[in-house]
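Have a look at the structure below before the remarks.
What follows is calculated from the coordinates using simple rules that are stated; it is not laboratory data. On a predicted model such as this, the values are computed, not experimentally measured, just so you know. Using ideal geometry, Cβ is built from the backbone for each residue, glycine included, and neighbour counts are taken over all protein chains shown.
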Amino acid sequence: MAKLIYLQTIQSSSGKLTVFENLLMGGIRRVFYIYDSVNVIRGRHRHRDSIHALCCVAGKCKVYVNNGEKEEIYYLDSPEKCLILEPHDWREMYDFDKKSILLCMSNQFYDPEDYIEEPYTSTQKFRDYSFVLD
Ligand code: TYD
């Protein structure tokens, strides 16, 4: 299941510095970021192999996660929060604001064959209501 972690953050009189180091098995092979995504749902897939780390470095967003047995909604509202997603975790990212920038790191290069577009049907307690949950 997905794991929410708090990244090491060094605070000084000159501000904050947050570090993402040695957290993805196999290292980081790809970084992309999602922005300009107000009022839409991104994601809606799981993966065959790749592990992802999601960090909202500006603004905020929510992430609905379903691993086929359990579902959770994570609120990424700080650049110190980082959500590690296993390949089997179905994810939906939503509730972005205008300044949201969701940084996504992957341990694999981009491969359309790594995507599974089929949602789990076993547990969907939150899924249809995700927009009204805070
Ligand atoms: P997608 O992963 O479906 O985005 P999201 O899940 O956030 O809605 O990707 C959107 C488009 O971008 C799709 O055409 C594939 C392309 N894409 C790449 O070319 N390289 C990448 O690393 C990623 C993540 C997507």
Show the residues, 5+ positions off or on another chain, whose built amide H is closer than 5 Å to the amide H of V38. none
Expressed to one decimal in nm², the mean projection of the alpha carbon convex hull of the chain is 8.4 nm²
Where Lys and Arg each count +1 and Asp and Glu each count -1, what net charge lies around V57 among other residues with Cβ under 14 Å from its Cβ? +1
Whose amide H sits under 5 Å from the amide H of D89, counting only residues 5 or more places off or on another chain, with H placed in the peptide plane? H47
Counting sequence-distant residues (5 or more places) and residues on other chains, those with an amide H built under 5 Å from that of A2 are E86
In nm, spacing of pseudo-spin labels at S78 and K99 (7 Å Cα→C-beta vector): 1.8 nm
Mean Cα-pair separation over length for segment 1-108, i.e. relative contact order, pairs under 8 Å, 6 or more apart, %: 41 percent
Within 10 Å of each residue's Cβ, count the other Cβ atoms and sort D36, D49, D114, D95 from fewest upward. D36, D49, D114, D95
Using each residue's phi in segment 96-111, evaluate 6.51 cos²θ - 1.76 cosθ + 1.60 at θ = phi - 60° and report the 3J(HN,Hα) Karplus result to the nearest Hz, with x for Gly and Pro. 6, 9, 4, 9, 5, 10, 9, 7, 10, 10, 10, 8, 10, 5, 5, 8
FRET efficiency estimate (nearest 0.05) - Cβ-Cβ, S14 to E113, R0 41 angstrom: 0.35
Order of 85-92, 65-72, 15-22 by packing, highest average Cβ count within 10 Å first? 85-92, 65-72, 15-22
